[in-house]
Structures are given as C-alpha cells and as structure tokens.
Amino acid sequence: MDETSLKALLTHLPVSWWETDGQLHVIDSGGGAFGDTRTAQRFLDTLRPDLAANAAGPRQWHARFDDRVFEVSWPLDGAAGRGRTRGLAVEVDAEPAARRRYDAFADLAPAAAFIRDRNGRYLWTNHAYAHLYGVTPADIIGKHLQDFDSPDDAVQFLALDREVLAHGRPVRHTLTYHRSDGTDGHAAGHRFPVLEGSQTCVAGIYVDITDSTRALRQRREAEESLHALRDHSGLPCALISAGGRIRQASAAAAELLQTRLSDLIGRRADTLLAPAPELDLLHHRWNDLIARRSRRVETTAVFLDALGRQRRARLHLTTVGRTSTRAAHVWAVVTHQGLAHEIQPPLTASQIRILSLLAVGRSNGEIATSLRLSRQTVDYHLRRLRDLLGAATRPALVARAYVLGILAPQAWPPRSATATHPLSPT
C-alpha cells in the first residue's frame, strides 16, 4: 500500500498522524481523530513536555487530550529527514457518550473551570474561564499561568495548586486576583486533584463574586453610615415595618417620648400619636407609602410621651426596601419639635385664625374686622387662649403658639401648623 492509500485509510480511523518541523510546528497532518490541523497542533502543544523527554529515541506512551486517551508513537522509525519528524497517535479509550454530554455542559457552564498540571500549564479550560482573560479556550490551552496572570498572582495560584496535590483532597476557598482593568476581583470555588493520563493534575471551578462582594461591602458601609446618623445626629428617628412596628430607633426618639429605647422596639408606632385633626390624613399617607404610590411624605403629627404630654413636630417619612407590591420599611425622622405640654382641649379653627393674625401684629379691632366677628367675641377668645396656653401677654401668647407647634415655624404669613382647618390661611 502506498503512502497516499495509507493516508486515505487513516481518515476513517480514530488516529492522528503528523509531520512537524524542528520547532514542532505542524507541516502536515491527517487521520480521523481530529477534524482540522489546528486541533492537531493543539494536541501536539499539550505533548511538548513529553515529546522533549522522549527526544532520545522512538518511544510509546499514553496521553490524555480533551478527555480522550491516545497511545502516542514518536518519532516514527525511518520517518525523519529534511529537519522533519513524524508521529502517530491512536485513540485507545474514547469517553462514553454520557461523559461527552457532561463535558459539553462543563464547557458551557457559567462557572469558570480549568485543569492545570503541577507546573501551571493549562490542559483544559472552559469558555467562562477563558472569558476572564478576554480570550478563547484554544488561546489558553498549552500555555502557562505566567502567560496570563501577574507574577504575584501566578505564584499564589501555583502555591494553591501544589497544596491540593500535596494533600490529595479538595480545597474550598475564596481568592483575590487582579483583573485586566486593574481592579481587584474575588472568586469562590474548589480546587481538587484529577488524573490526566499518567499524571495527577489540579482542576478548579470558580464563581466570580466580585460584584456581590462589592455590593455587600457597600451595603455594610451604608448600614454603618445610617446607624451613625441614627445614633449621633441627635434627630429622633425610627425604622418602622410595613405592619407599623418599630424595628430600630435612636436614643433621641426615646428621649422625645420619655421612655427607654428597649421599650420602643417592637411597639406599634401609631400608639405614640395623640388624637389630632391631621391623624386621618397621616394614616392615608402611610398607606400610600406602603403601597408604593409615593416614596416620601412630609407632614406634622402630635406625639404623646410616657408622661402624658403632647408635642407637635414635623414628621418626614421615607420608604426603604421593597417587595413586588409593598414597601418593606419606612424611616421616620422628627424635626421642628414643639414644646411638650399637658393635654388640653383642641383649639377651634377661629382660635387658631386669631392666633395667626395676632402673630402678624393685628390689633383686636383689626382681628374682629378681618374675621367678621364682634370686638367682644375676639376679646373673649383671647382671654380663653391665655388660659389654655398659660400666657399672660399678647407676645407670650404668640410665643407659646409657636413653641407648642400650633403655628408653623417656617411659614409667613403665620398659619396653622397642620393647615387642615378650613379657616387656616394658606
């Protein structure tokens, strides 16, 4: 049989033959084991250490490539000449179909996986691993760690490989590596010993957790900042669940309500509010927050402390966290606190209107004309207001109206802090 006929016969058999130059670059190849010259060259690249070791004369040995086992004969007797060398590999242990399917799964899995020998030479990688370096598996196989990683990282990874080989058992760990963009990356996974041909190698499978690690760190930093603000800002504030129970609170909130901080945690927030004209509106706005119809609300509320005293204050509510349909929690922050005072009969709309006009500097006669009341009626209301608010003079009456939170401290002309009374100016 001539050489042409022999080559034609080999194309139907699970063998590979090749002819190389002195640098082991494929000049010609064939056989039915590999579909193209590039794969034959990749096969030879994985054999380079063995080919160099067997350079003294013809030898045969077994080698594993892409989960297939070949009997290699190199160089072939009488096949040398013109600086060229011929070799032959016969597949002797094809992997079963089930293993082939598993290999395809591993090759396309999102987790990065590799197999390296003890010297850091890659025998196999999947696409996810190659993607970390912006290349394909064919660009990595046959090369070494040092070709892709920084010297420091290469030393670290080789030390881990040798630890696995020395102990002969899997190691689970998280490692830090340098990414191509100059930032640090983090990966978690396993390394374990595997048998590749006649040598024990190291396999690894890792999931990149850089983004999740960064997100967890940012969340911890945000929580620390939030707790610092909660504990040291001096503002009364509380984290309230969607069900209305207090989950966290600041020391200033406990001081505002004249109670212990531990007594606030777990308590229903609405039990801290005194009856007031705006309470129904506050409940309505709370429901809008929980249903995610709004993100934040600013309103007023009257708080009832443990001593039975009332205090009007500005209340800021902001949603945090969410499920598919509801807000998870609401942060409540209290500002512009009024003076704590004993519970008293609520003021009428006319009395609040008189206080707002008094704060402008109107006389009793001018107030009577503006409200279309008699002078005697205005005098009566002012005497009644002095008794209710404990103020002996007109300036003291205005001052008490502000410190008790009856009049809005940041509004001019003066108006009711709740702006819910029909006669309150807008």
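Annotation: L357 fulfils all but one of (1) exposed (fewer than 13 other Cβ atoms within 10 Å of the Cβ); (2) aliphatic (A, V, I, L, M); (3) at pLDDT 90 or above; the unmet one is (1).
So, of the residues in the stretch 300-328 that are of a type in the set (V, I, T) and not in a strand (DSSP E or B), which turns out to be nearest to the chain's Cα centre (by Cα)?
If we take residues in the stretch 300-328 being of a type in the set (V, I, T) and not in a strand (DSSP E or B), then T323 is nearest to the chain's Cα centre (by Cα).
A search for C-beta distances below 9 Å between a residue of the stretch 278-300 that is free of Cβ contacts under 8 Å to residues at least 40 places away in the same chain and any residue that is part of a helix (DSSP H, G or I) and hydrophobic (A, V, I, L, M, F, W, C), counting only pairs 6+ apart in sequence or on different chains, returns R295/L289; R296/L289; V297/L282; V297/W286; V297/L289; T299/L281; T299/L282.
Could we say that L371 is surrounded by 13 or more Cβ atoms within 10 Å (Cβ to Cβ), over 22 Å from G405 (Cα atoms) and either modelled with pLDDT under 90 or not basic (K, R) (or both) here? Spelling it out, L371 is indeed surrounded by 13 or more Cβ atoms within 10 Å (Cβ to Cβ), over 22 Å from G405 (Cα atoms) and either modelled with pLDDT under 90 or not basic (K, R) (or both). Flag not set for R219, criterion: in contact with a strand residue (DSSP E or B) (Cβ under 9 Å, 6 or more places away or on another chain) and among the basic types (K, R). Among residues of the stretch 132-149 that are under 16 Å from V202 (Cα atoms), those with a beta-carbon under 8 Å from a residue that is buried (at least 18 other Cβ atoms within 10 Å of the Cβ) and among the basic types (K, R) at least six positions away or on a different chain give the pairs I141/R42; G142/R42; G142/R121; K143/R121; H144/R121; L145/R116.
Of the residues Q310, Q351, Q376, which is within 17 Å of G405 (Cα to Cα) and either surrounded by fewer than 17 Cβ atoms within 10 Å (Cβ to Cβ) or assigned by TED's automatic domain parsing to the domain that holds P275 (or both)? Give the derivation first.
Working: Q351 fails: either surrounded by fewer than 17 Cβ atoms within 10 Å (Cβ to Cβ) or assigned by TED's automatic domain parsing to the domain that holds P275 (or both); Q376 fails: within 17 Å of G405 (Cα to Cα).
Only one candidate qualifies: Q310.
Consider R191 carefully, then state whether it is assigned by TED's automatic domain parsing to the domain that holds R162, surrounded by 17 or more Cβ atoms within 10 Å (Cβ to Cβ) and either among the charged types (D, E, K, R) or more than 30 Å from D152 (Cα to Cα) (or both). Against the criterion (assigned by TED's automatic domain parsing to the domain that holds R162, surrounded by 17 or more Cβ atoms within 10 Å (Cβ to Cβ) and either among the charged types (D, E, K, R) or more than 30 Å from D152 (Cα to Cα) (or both)), R191 qualifies. The helices (runs of 4 or more DSSP H) falling completely within the stretch 245-290 include none with 2 or more residues that are within 35 Å of the chain's Cα centre (by Cα) and modelled with pLDDT under 90.
The values are calculated or read from the model by the stated rules, or taken from the named source; none is laboratory data. Being a predicted model, the structure only gives us computed values, none of them experimental. Positions of Cβ are generated from backbone atoms using ideal geometry, with glycine treated the same way; all protein chains shown enter the neighbour counts.
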